[in-house]
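**Student:** I have a structure I would like to understand better, so I am pasting it below and will then ask my questions one at a time.
The values are calculated or read from the model by the stated rules, or taken from the named source; none is laboratory data. No experiment lies behind these values; they were computed from the predicted model shown. Glycine gets a Cβ as well: all are built from the backbone with ideal geometry, and neighbour counts include every protein chain shown. Areas reflect the complete protein model, heavy atoms only, side chains present, ligands, DNA and RNA absent. Shrake-Rupley method; radii C 1.70, N 1.55, O 1.52, S 1.80 Å.
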Amino acid sequence: MNFSIGSLIAGFVFGVAGIFFIKAAKRQGNLRLLCFGIALLVYPYLVENAYLCWAVGIALTVIAYKQMDD
């Protein structure tokens, strides 16, 4: 695995967001939000390109945030 600084920072930022969504999912009992939180924690290990890592993280975070209202 070849990680760049951008990928590591993205992994940290979206990992923190994933933990937030997991805690919110447990409070709300929202299984879909829990899955998005877990995905935010796992995906940085699968994506090596920094730009793609940021794009996927932003997309997952926006979708997860919209799921909080449901």
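**Student:** Do we have any residue at all in region 31-52 that's open to solvent by less than 50 Å² (accessible area, probe 1.4 Å) and among the polar types (S, T, N, Q)?
**Tutor:** No, region 31-52 has no match at all.
**Student:** Turning to a different aspect of this structure: Restricting attention to region 16-59, report how many residues are assigned to a helix (DSSP H, G or I) and among the polar types (S, T, N, Q).
**Tutor:** 1
**Student:** Of the residues Val13, Val62, which is open to solvent by 40 Å² or more (accessible area, probe 1.4 Å), touching a residue at least 40 places away in the same chain (Cβ under 8 Å) and part of a helix (DSSP H, G or I)?
**Tutor:** Being open to solvent by 40 Å² or more (accessible area, probe 1.4 Å), touching a residue at least 40 places away in the same chain (Cβ under 8 Å) and part of a helix (DSSP H, G or I) holds for just one of Val13, Val62, which is Val13.
**Student:** Filter region 8-37 down to the residues that are among the basic types (Lys, Arg) and over 13 Å from Tyr65 (Cβ atoms), then identify the one that is nearest to the chain's Cα centre (by Cα).
**Tutor:** Across region 8-37, the extreme among qualifying residues is Lys23.
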